[in-house]
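Colleague: Just dropping this structure here.
The values are calculated or read from the model by the stated rules, or taken from the named source; none is laboratory data. Please read these numbers as outputs of a predicted model, since none were measured by experiment. Note: ideal-geometry Cβ built from the backbone for every residue, glycine included; neighbour counts use all protein chains shown.
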Amino acid sequence: MSLLPSTSSSISRRKYDVFLSFRGEDTRKNFTDHLYDALKRSGIVTFRDDPKLDAGEEIASELFKAIQQSWCSVIVFSETYAFSGWCLEELVEIVKQKNKKGHKVFPIFYNVDPSELRKQKGKVEQAFVEHEWRYKEDKILRWRNALTQVADIKGWHLNDGHESEFIGDIVRKISVKLCQMCPVVHDKLVGISSRLEELYSKIEIGEDDVRIFGICGMGGIGKTTLARVVYDQMSSHFEGKGFIADVREVSDKFGLVSLQKQLLFQILSDEGFNFFNVHEGNAIISHRLSHKKVLVVIDDVDNEQHLKCLVGRRDWFGLGSRIIVTTRDEHLLQSYRVDDVYKPTTLNDNDALRLFNLKAFDSETVPEKVFIELSKHVVKYASGLPLALEVLGSFLCGREAAQWKSAIKRLEKDSNKEILDRLRISFDGLEEREKNIFLDIACFFNGEEKAFVMKVFDGCEFFPDIGIDVLIKKSLLTVNKNNKLWMHNLLQEMGRKIVREKSIEEPGKRCRLWEEKDVYHVLTKNTATEGIEGMIIDSKRESKKMLSLNVNTLSKMKKLRLLKVLCLSNCDDLKYLSNELRLLDWTGYPLRFLPPSFQPDNLVALLLPYSRIEQLWKGNAPLYKLKVLNLKGSQNLIKTPDFTTTPNLEILILEGCIRISDVDPSIGVLSRLELLNLRGCKSLRNLPTKIGGCKCLKTIDLSGCHRVGNLPKNLQQVEFLEELDLSETDIEKPPSFIFQFKYLKVLSLNRRKGPSSKLGTNLPSFFQVFQRGSIESMPLMLHSLSGLTSLTSLKLKDCNLCEGDILCDISCLSSLTFLDLSGNNFVSIPSSLALLSKLQYVGFSNCKELRLLPELTSTEAVNLDGFASLELVPNPSKVCNSEGFPWFMGLHCYRLAENFNVLKWLRRRFKHHAISRKKFDVVMPGSEIPSDS
């Protein structure tokens, strides 16, 4: 990382760090004395006046000079502070330095109320009454103004608290501020402020304990640079210091003893240590440094032995010492029980561009227009990695635009060697299985769901539970908030380069193929070898060349574990697939059957979405390792397979398989099945009666299964169900047991618009006209909702619900955050809806009869689209009261738009969000836009 201080944050060293202003007779012998000692112990140079001066009437000139030579003032406002003309004169000078020279001021309100100081009431008022008898009016006015200004500054308040804790907090915060303001000698550093603030808050140099602290991240992210800045800024607060750089490299070349001697020399400036083994070094370090407050940085550690011989135990160092360790391996820090870890992030786009420009143009801006877009290309490639930005910026510095364009094109083909070599250090230290996991992710699985990839790797016997954790701890991989694997694009490129280097000229000799041109070469030239373990075929760009699978080509790939085919239709003679396949992912598989010679014993995931397959296999193919089966959109599939040979199946997706009328009853043996997706299976008549055997089911999706009219009773045995979607089925009265699933989080009972299938086919059209003059289905029959204690989402759209159909016990759904009641026929909503304290979204769109909204004080988003009849909202703030609500849809609510209260509410919202700068959406019909005044 590279970090740039702003000019205002850098100061020249002053004589004092802190000037203490206080009333001697109030606090000199107690609070102020303890505070002074604590500041001194933390290495903060503090000025405190001579106690002999207390009796003097006039402030000494030395005190003015001390204020001017201090970086900040700490003012202890005690009960009688304002009675001292001396203190008030100090205060005037402090304010003068603050306003003219940026002198920092930190007030402490020691058992006094800041408002009394600001308003000059109580004892402060008494003090000024006395002063007015003795001093001139202009001096009194200066004192009053100074007191008011300082009392307005945010400070520390002590009211009957523990003074030791209070003082510790003050010292820590002043230490952090001082470190941030110290001069930084490093030039061209970008993005320092936020990182240093977070770092210092963790390090807490004001405390008297010994702390070990880690800075961890991928290669090139700036760990060493950041540690160096912290070291330079903090070292003056310690009795000794040492920065042991490049520990990994030095240890390999010269051994651990040389590092121990370097540590002792840097701290003690003594070259006379004559020892020859690590154990002697340990003894000397612990003896000589155990009473010394030191700051030590151990840089680029990759082995626990480095920590054992340089850090040892905390009692090796004196109280107040701080040890900072930089490493790529988070597990190393965890196993050594460090106190805290800081993980630098990549630079944001603006800082990345600034850093690159500084290296390429020696300026934060691009001097010539022609380089603007070129610079953005390079910055995008670097993805915020400081190492890449610095290396590429320096490489392109002084070159012409044509050379820039050439270099950028070359980067697309072959990444910069210096960057990738630095990144490769972490890869080279991996075990063989971890290397395979890393390369598979780099070539095939970057951005994929972690859970799915773990299943595949488990089938490859890569032991992914520990392997992926190792990669994460070594900063080679992360898992994002959506639980997807994410690898920095330069790490991905490094992994792919490692694969290419196995055979630069002939891709058929590599172990993994992912680039279209390489795959095209191998398949058309028939250069495949047995060493190929993974391949992606995507012929969309090469479609004009009519890429086809040659039977001889695939037959050579005996070790093929992973095959992903994204676009390939010309493979009529496919007769062979490797029996080593763990993943077969073929979108639009064009054949009716899998090759008869294929023995899928090792298959973990079979993904054939939108295929033409009619039957997976004939007979009982052994598929004991199969965990994922996805046949989504395979419209020729006539029946599901016999599941007795797939007992470990966890995910079954048959969505859109419109010809399937029944699910094989053997599904009951799938005791590990977690997800069953039958969405849009229009011919499906029911679920098999043995579905209760799927004890681990968490998700069932039957939405769009129009012919399914009931659920088997033994479904109630699936007690851990979390999601159930019965939308647009023919179920008019859901069985009571589904309202007793205590782990259910999502329940969708949305209906189709228009007549039900039963009414529509069995009754004449004139009998279908109900009391509201429109064709309606029978209303959904709801049971008590009180058993759904975990429910977070309830969808009841177009269920023909009328007055009283929404049960009052809906208030029992204490976890509910999402409720959709759109397209129903009630006139009013139960007031119990207002008791849903966690409700964030509620939908009332197309509820044409509803005339009055309930109070929904916690709701963040409301949809009233098509709410034509709504006339009154007594207090709109009670409909959507959340200050942070982002969304209000009132399209076609013409009568609502005429309501003055609503417009008044909108005006208030405009004002609130204009101040907070938060985004929010309001859609309303009307003839004018509400003003913000």
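Colleague: If I filter the range 768-778 for residues that are surrounded by 16 or more Cβ atoms within 10 Å (Cβ to Cβ), in a loop (DSSP other than H, G, I, E, B) and at pLDDT 90 or above, do I get at least one hit?
Modeller: no
Colleague: Given the options GLU515, GLU461, GLU530, name the one that is at pLDDT below 95, touching a helix residue (DSSP H, G or I) at 6+ places or on another chain (Cβ under 9 Å) and either surrounded by fewer than 20 Cβ atoms within 10 Å (Cβ to Cβ) or on the phi > 0 side of the Ramachandran plot (or both).
Modeller: GLU515
Colleague: I'm trying to understand the selection: among the residues of the range 612-636, which are touching a Lys or Arg at 6+ places or on another chain (Cβ under 9 Å) and of a type in the set (Gly, Ala, Ser)?
Modeller: Within the range 612-636, SER634 is the sole residue that qualifies.
Colleague: Across the range 400-438, which residue is modelled with the highest pLDDT among those that are surrounded by 14 or more Cβ atoms within 10 Å (Cβ to Cβ) and not in a helix (DSSP H, G or I)?
Modeller: LEU430
Colleague: Would you confirm whether any residue within the range 133-140 is within 18 Å of PHE22 (Cα to Cα) and either assigned by TED's automatic domain parsing to the domain that holds SER73 or modelled with pLDDT of 90 or more (or both)?
Modeller: Scanning the range 133-140 turns up no residue that is within 18 Å of PHE22 (Cα to Cα) and either assigned by TED's automatic domain parsing to the domain that holds SER73 or modelled with pLDDT of 90 or more (or both).
Colleague: Could I ask something else about it? Would you check which residues across the range 587-601 are farther than 16 Å from GLU655 by Cβ and either surrounded by fewer than 19 Cβ atoms within 10 Å (Cβ to Cβ) or more than 40 Å from the chain's Cα centre (by Cα) (or both) and list them?
Modeller: Once the filter is applied, which keeps residues that are farther than 16 Å from GLU655 by Cβ and either surrounded by fewer than 19 Cβ atoms within 10 Å (Cβ to Cβ) or more than 40 Å from the chain's Cα centre (by Cα) (or both), the range 587-601 yields PRO590, LEU591, ARG592, PHE593, LEU594, PRO595, PRO596, SER597, PHE598, GLN599, ASP601.
Colleague: Given the residues SER394, SER321, SER290, which is the only one that is over 16 Å from ILE212 (Cα atoms) and either modelled with pLDDT under 95 or surrounded by fewer than 19 Cβ atoms within 10 Å (Cβ to Cβ) (or both)?
Modeller: SER394
The rows are residues; the columns are (1) under 46 Å from the mean Cα position of the chain (by Cα); (2) basic (Lys, Arg); (3) within 12 Å of GLU89 (Cα to Cα).
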residue: ASP113; (1), (2), (3): yes, no, no
residue: GLU130; (1), (2), (3): no, no, no
residue: LYS136; (1), (2), (3): no, yes, no
residue: VAL150; (1), (2), (3): yes, no, no
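Colleague: Every residue in the range 76-105 that is of a type in the set (A, V, I, L, M, F, W, C) and surrounded by 23 or more Cβ atoms within 10 Å (Cβ to Cβ), please.
Modeller: Correct list: VAL76, PHE77, ALA82, CYS87, LEU88, LEU91, ILE94.
Colleague: Name the helices (runs of 4 or more DSSP H) wholly within the range 246-342 that hold at least 3 residues that are touching a Lys or Arg at 6+ places or on another chain (Cβ under 9 Å) and either in contact (Cβ under 8 Å) with a residue 12 or more places away in the chain or among the polar types (S, T, N, Q) (or both)?
Modeller: Here the list reads 256-268, 278-289, 330-335.
Colleague: Would you pick out the residues in the range 465-477 that are touching a helix residue (DSSP H, G or I) at 6+ places or on another chain (Cβ under 6 Å) and over 10 Å from ILE441 (Cβ atoms)?
Modeller: Within the range 465-477, GLY467, VAL470, LYS473, LYS474 meet the criteria.
Colleague: Any idea how many residues of the range 656-671 are on the phi < 0 side of the Ramachandran plot and in a loop (DSSP other than H, G, I, E, B)?
Modeller: 10
Colleague: Specify which of the listed residues (ARG328, ARG313, ARG322) is under 19 Å from GLY222 (Cα atoms), assigned by TED's automatic domain parsing to the domain that holds ILE244 and of a type in the set (Lys, Arg).
Modeller: Every option except ARG328 fails the conditions.
Colleague: Consider the range 720-745. How many of its residues are of a type in the set (D, E, K, R), part of a loop (DSSP other than H, G, I, E, B) and crowded, with 16+ Cβ neighbours inside 10 Å?
Modeller: Of the residues in that region, 5 qualify.
Colleague: Quick test of your reading of the structure: VAL301 fulfils all but one of (1) among the aliphatic types (A, V, I, L, M); (2) assigned by TED's automatic domain parsing to the domain that holds ALA283; (3) more than 23 Å from LEU471 (Cα to Cα). Name the failing condition by number.
Modeller: (3)
Colleague: Restricted to the range 40-71, and to residues that are surrounded by 21 or more Cβ atoms within 10 Å (Cβ to Cβ) and farther than 11 Å from SER21 by Cβ, which residue is modelled with the lowest pLDDT?
Modeller: SER42
Colleague: Right, something else. Can you pull out every residue in the range 102-137 that is without any contact (Cβ under 8 Å) to a residue 24 or more places away in the chain, outside any loop (DSSP other than H, G, I, E, B) and among the charged types (D, E, K, R)?
Modeller: GLU116, LYS119, GLU125, GLU132, GLU137
Colleague: Out of everything in the range 439-453 that is aliphatic (A, V, I, L, M) and buried (at least 19 other Cβ atoms within 10 Å of the Cβ), what residue ends up being farthest from LEU490 (Cα to Cα)?
Modeller: Residue satisfying both the conditions and the ranking: VAL453.
Colleague: Follow-up. Over 30 Å from ASP169 (Cβ atoms) and surrounded by fewer than 19 Cβ atoms within 10 Å (Cβ to Cβ): does that describe GLU239?
Modeller: no
Colleague: Between GLN233, GLN266, GLN305, which is polar (S, T, N, Q) and under 23 Å from LEU476 (Cα atoms)?
Modeller: The unique qualifying residue is GLN305.
Colleague: Further, regarding this structure: Limited to the range 672-706, what total is found for residues that are farther than 19 Å from GLU732 by Cα, of a type outside the set (A, V, I, L, M), out of contact with any Pro (no Cβ under 7 Å at 6 or more places or on another chain) and assigned to a loop (DSSP other than H, G, I, E, B)?
Modeller: Selection size over the range 672-706: 6.
Colleague: From the set of residues in the range 642-659 that are modelled with pLDDT under 95 and crowded, with 21+ Cβ neighbours inside 10 Å, which is nearest to MET454 (Cα to Cα)?
Modeller: The residue in question is THR646.
Colleague: Tell me which residues, restricted to the range 781-803, are hydrophobic (A, V, I, L, M, F, W, C), part of a loop (DSSP other than H, G, I, E, B) and closer than 20 Å to ASN846 by Cα.
Modeller: LEU796, CYS799, LEU801, CYS802 - these are the residues of the range 781-803 that are hydrophobic (A, V, I, L, M, F, W, C), part of a loop (DSSP other than H, G, I, E, B) and closer than 20 Å to ASN846 by Cα.
Colleague: Next question. Restricting to the range 807-843, and then to whatever is surrounded by fewer than 18 Cβ atoms within 10 Å (Cβ to Cβ) and among the charged types (D, E, K, R), can you tell me which residue is nearest to SER793 (Cα to Cα)?
Modeller: The residue in question is LYS838.
Colleague: Which residue, of ASP232, ASP315, is under 29 Å from ALA38 (Cβ atoms), in contact with a Pro (Cβ under 9 Å, 6 or more places away or on another chain) and surrounded by fewer than 21 Cβ atoms within 10 Å (Cβ to Cβ)?
Modeller: The unique qualifying residue is ASP232.
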